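As structure tokens, the structure follows; a few thoughts come after it.
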């Protein structure tokens with residue numbers, strides 16, 4: 001099991017947008033969290049191989065260290081797609097909640113980071 005590091009890309013389109021990306025994540029891996037630091041998370045996008053029953057969601061935490069909890073307003077994704085995130089948390093990370101032979105890339109779009 002590996003913790004997959006996040007990649008950071010500044011999006012140039014007239015707004016203060018940032019894309020965080022985790023590449024080639026499997027169900028055996030976990031995601032490095034992103035500290036949101038007052039920014040607004042807009043959406044999560046997933047693409048890749050969902051294998052057998054792959055489901056991707058997101059978790060958040062307001063604690064320096066400790067537990068992450070499922071973001072309730074997010075639609076979990078079981079195929080390539082995009083879903084808005086309306087909850088606010090200090091830290092957010094994607095999570096693979098089900099499936100075998102999953103290999104996906106996940107993108108988190110953030111404004112003001």
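The values are calculated or read from the model by the stated rules, or taken from the named source; none is laboratory data. Keep in mind the model is a prediction, meaning the values are calculated, not measured. A quick note on method: Cβ atoms are made from the backbone with ideal geometry, for glycine too, and the neighbour counts reach across all protein chains shown.
Exactly one residue out of 48, 99, 53, 60 is exposed (fewer than 14 other Cβ atoms within 10 Å of the Cβ), in contact with a strand residue (DSSP E or B) (Cβ under 9 Å, 6 or more places away or on another chain) and in a strand (DSSP E or B): that is 53. Can you say whether residue 43 is touching a strand residue (DSSP E or B) at 6+ places or on another chain (Cβ under 8 Å) and in a loop (DSSP other than H, G, I, E, B), as far as the supplied structure shows? In short, no. Within the stretch 1-17, restricting attention to residues that are part of a strand (DSSP E or B) and either buried (at least 17 other Cβ atoms within 10 Å of the Cβ) or on the phi > 0 side of the Ramachandran plot (or both), which residue is modelled with the highest pLDDT? The residue in question is 17.
Would you pick out the residues in the stretch 63-77 that are outside any loop (DSSP other than H, G, I, E, B) and surrounded by fewer than 16 Cβ atoms within 10 Å (Cβ to Cβ)?
Listed by number, the residues that qualify are 69, 70.
Looking only at the stretch 78-87, decide whether some residue is out of contact with any helix residue (DSSP H, G or I) (no Cβ under 7 Å at 6 or more places or on another chain), exposed (fewer than 14 other Cβ atoms within 10 Å of the Cβ) and free of Cβ contacts under 8 Å to residues at least 12 places away in the same chain. No, the conditions are met nowhere in the stretch 78-87.
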